[in-house]
Structures are given as C-alpha cells and as structure tokens.
Amino acid sequence: MDRTALGRRARLLATLALIAAPLATFAGPEAETAGLRRTVTVMTHDSFAVSEEVLAAFEDRHGVRVRILEAGDTGTALNKAILARGKPLADVIYGIDNTFLSRALDEDILEPYRSSLLAAVPKEFQIDPSYRALPVDYGDVCLNYHVASFGEDGPPPPEDLEALIDPAYRGLTVVQNPATSSPGLAFLMATVARYGDPGYLDYWRSLVANDVLVVNDWETAYFQEFTGSAGRGPRPIVVSYGSSPPFEVLYAESPPAEPPTAAVTGRLSCFRQIEFAGILAGAENRDLAELWIDFMLSLPFQEDLPLNMFVFPVNRDAVLQKEFVDFLAVPDEPALLDPALIAANRERWIREWTEAVLR
C-alpha cells in the first residue's frame, strides 16, 4: 500500500496533502539531561503520512528527532538507496513493496532485524526469511469505476478484468504506465497473475484494441482522466485502490452518504501490495533505526495508517476505524505473485508491455 503512491504508494496517498509531520520541538528527559537530541532519518516514498501527535509521541518517548526524507516513488527511492550503498542517506527505508522486494534484497542494502513485534504479524506477510525487510502495511490495487456511469443507460458495472476488453466498454478505461507508476506496475502484475505469461500480452493487446488510455502516473489518471474524481474526466474506469471509495467520502468537501465510486474485486482482479521497512546497511544510528521499526509495527502507528495512507495494518491486533471500513472493498481472491518470480521477470514484462502497448 507507492503505497509507493502503492505506492505507497503514486498513489492515492499522495493526495492527502503529503502531511508527513513536521519535527517536534521538544525532547525527552534523557536528551534534555545530555543537552542534545539525536536524529533518526527515515527514507520514504513521497506518499508517506503519519499523524503529528503519533509521531510526536515517538519523539517524546525516546528523546529523538525524526527526519522524513521523501525520495520519490517506490522505484526511485529504492534506486537512491542502492546508489548510496555503503554511505546510506538514511537509517531506515520504508515503502519497498513486493514488486521490488527481491531487488532490494539482491542489492544487499538492508541489515537484518528481527523485531519482537513480528509476533503480532501473520506469517503470510513475512515473506523475507532473512528479516531484512519487515512488513508494515498492505493494500489492493484494483480497478475503480464511477457508479453513476453504469447501469440503466449504459453497460453494467465491470466485474473483473475480462470486462475491459468487451466492446461495450470501449474507450472507458484509463491505466498507468508500469514503467513509471507503482499502481501501474501492480496492475500489470495482476494481468500476469490472471492470464499467465505470455497470455498477459494478448490481454493487453485486446485492451489497446478497445481504446485503453495509458498515462504516466496515478494522479493524472485519477484526478484528470477519471470521471469519478474531482476533475470529472471522460473515462469512468481507472486503476486505483480498493481503499479509494472511502477516500472519496472522507475527504470530500461535502461528504456524500455513499461513495460515488466503487472497486472491482472479482477473481484475480486486484493485486495485493505489501510494503516493507528495513534498516539500511551502514546506518549511523542502528539503535534508533530499531526503535523506529518497532514503532511502525506498534499499535499507535498501525492504527494510524488507514486514515492517513489508506492501507491496511499488518498487526493483527490493530483496530480499523469505522470510517475506513464502511465503504471498503476487499477482494476475496487477490492476485499474488512470488517476489522471486517478479524479480526474475519484472524488467522483461515491462519491456514486452512497452513494445505491445506503446509502439
């Protein structure tokens, strides 16, 4: 959840005014005694957000400053961390998702840390047995549609990926380029999981024949081209998130009783993104980095996630806010791919997609 603005997490998260909280101006008792305050630096994608009071509580408890270093989308942030290997720009990196996980591990930029709070995280999210990348949140990249555009005077709402290649849906869909967008890449992965390799290319060729529109980023797709967004664009189907409908209610100037959009959650139609945090190799403040990782897995941070970054907490004890749950769409059978399979084929899939769709 590019949440690497999926991300994260590009992403719907970037629309939350990027409220990565400002640094608190106080220190805990130990820091006051010592006359100084240490800083833990956290590299994130641009969509990171946390409530000011939650961040301040962490700083107060440990007598530290937290510096949030926004580093672009998920892929860009990872590239920066790789280029700075050995002399890291931060102590911790957050926002690497399962589409890039194997690359981060293969580049050996993370140090192991087995947090005791992993005991509250289901094993299905702990996909790095080396404990270099610890799961923090997850979300589903799904098709969204504008409810009023379907039904009586038009085609029925789309139920799965297959609907998009039906002539009745010609010219209705906007998607993101997987080479430049985290949700775009996740949607490409969903098509690979649903149609196989090389079957996914035939599906994309059918989308092109049905006049799909490809744009570079989620913001352009959702806020300019999508009918259901503030921009009221011409296309009523867009790649976004299962959590986008609650966003439309909670952040509307005049909140509607029901969201104007809905998510498509048919079989293998949504790709499940898991976002991870890890301690960067050579971190100057290893002890503070461990504290930060523990904080991200703790209930205060985990319960703060949904209404700030519109993703799910991985801590099984975290309580979801009613406002988040009421309009949420959760797929019964999300699309999943092994991170090793993604690592082995990601660049080829993007290259083949580019040749089939953009040329």
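The values are calculated or read from the model by the stated rules, or taken from the named source; none is laboratory data. Everything numeric in this text was worked out from a predicted model, so none of it was measured. For neighbour counting, all protein chains shown are included, and Cβ atoms are generated from backbone atoms with ideal geometry for every residue, glycine included.
Structural remarks
- Checking the stated criteria, Leu105 turns out to be surrounded by fewer than 24 Cβ atoms within 10 Å (Cβ to Cβ) and outside the structural domain of Ala343 (by TED's automatic domain parsing).
- Scan of region 63-79 for residues that are of a type in the set (D, E, K, R) and either farther than 22 Å from Pro135 by Cβ or modelled with pLDDT of 95 or more (or both), ordered by number: Arg65, Arg67
- Residue match in region 86-93 (condition: under 19 Å from the mean Cα position of the chain (by Cα) and assigned by TED's automatic domain parsing to the domain that holds Val314): yes
So that you can scan it fast, the table gives a plain yes or no per residue for (1) over 17 Å from Thr99 (Cα atoms); (2) of a type in the set (A, V, I, L, M); (3) in a helix (DSSP H, G or I):
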residue: Glu152; (1), (2), (3): yes, no, no
residue: Pro155; (1), (2), (3): yes, no, no
residue: Pro158; (1), (2), (3): yes, no, no
residue: Ala163; (1), (2), (3): yes, yes, yes
residue: Gly171; (1), (2), (3): yes, no, no
residue: Thr180; (1), (2), (3): no, no, no
residue: Gly184; (1), (2), (3): no, no, yes
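- Only one entry in Ser240, Ser254 is under 20 Å from the mean Cα position of the chain (by Cα) and of a type in the set (Gly, Ala, Ser), namely Ser240.
- Applying the set (1) of a type outside the set (A, V, I, L, M, F, W, C); (2) within 15 Å of the chain's Cα centre (by Cα); (3) modelled with pLDDT of 95 or more to Pro122 leaves exactly one unmet item: (2).
- Residue that is hydroxyl-bearing (Ser, Thr, Tyr) and buried (at least 23 other Cβ atoms within 10 Å of the Cβ), where the choices are Ser206, Ser182: Ser182
- Test for Arg235: is it modelled with pLDDT of 95 or more, of a type in the set (Lys, Arg) and farther than 29 Å from Asn308 by Cβ: no
- Assessment of region 275-291 against the conditions (hydrophobic (A, V, I, L, M, F, W, C), closer than 30 Å to Tyr200 by Cβ and crowded, with 18+ Cβ neighbours inside 10 Å) yields at least one matching residue.
- Failed criterion for Arg67 (all others in (1) surrounded by 23 or more Cβ atoms within 10 Å (Cβ to Cβ); (2) in a strand (DSSP E or B) hold): (1)
- Residue tally, condition in a helix (DSSP H, G or I) and either within 10 Å of Val175 (Cα to Cα) or outside the structural domain of Leu188 (by TED's automatic domain parsing) (or both), over region 221-240: 3
- Residue match in region 334-341 (condition: in the same structural domain as Ser229 (by TED's automatic domain parsing) and touching a Ser or Thr at 6+ places or on another chain (Cβ under 6 Å)): yes
- You will find that of Arg232, Arg286, the residue that is farther than 28 Å from Ala119 by Cβ and more than 22 Å from the chain's Cα centre (by Cα) is Arg232 and no other.
- Of the residues Ala329, Ala262, the single one that is more than 26 Å from Ile93 (Cβ to Cβ), surrounded by fewer than 24 Cβ atoms within 10 Å (Cβ to Cβ), small (Gly, Ala, Ser) and touching a Cys at 6+ places or on another chain (Cβ under 9 Å) is Ala329.
- Of the residues making up region 41-62, not a single one is surrounded by fewer than 18 Cβ atoms within 10 Å (Cβ to Cβ), part of a helix (DSSP H, G or I), among the hydrophobic types (A, V, I, L, M, F, W, C) and modelled with pLDDT under 90.
- For the residues Leu188, Leu201, Leu207, the requirement of being outside any strand (DSSP E or B), at negative phi and touching an Asp or Glu at 6+ places or on another chain (Cβ under 7 Å) singles out Leu201.
- Residue ID - surrounded by the fewest Cβ atoms within 10 Å (Cβ to Cβ), chosen from residues in region 210-226 that are in contact with a Leu (Cβ under 9 Å, 6 or more places away or on another chain) and farther than 23 Å from Arg272 by Cα: Asp211
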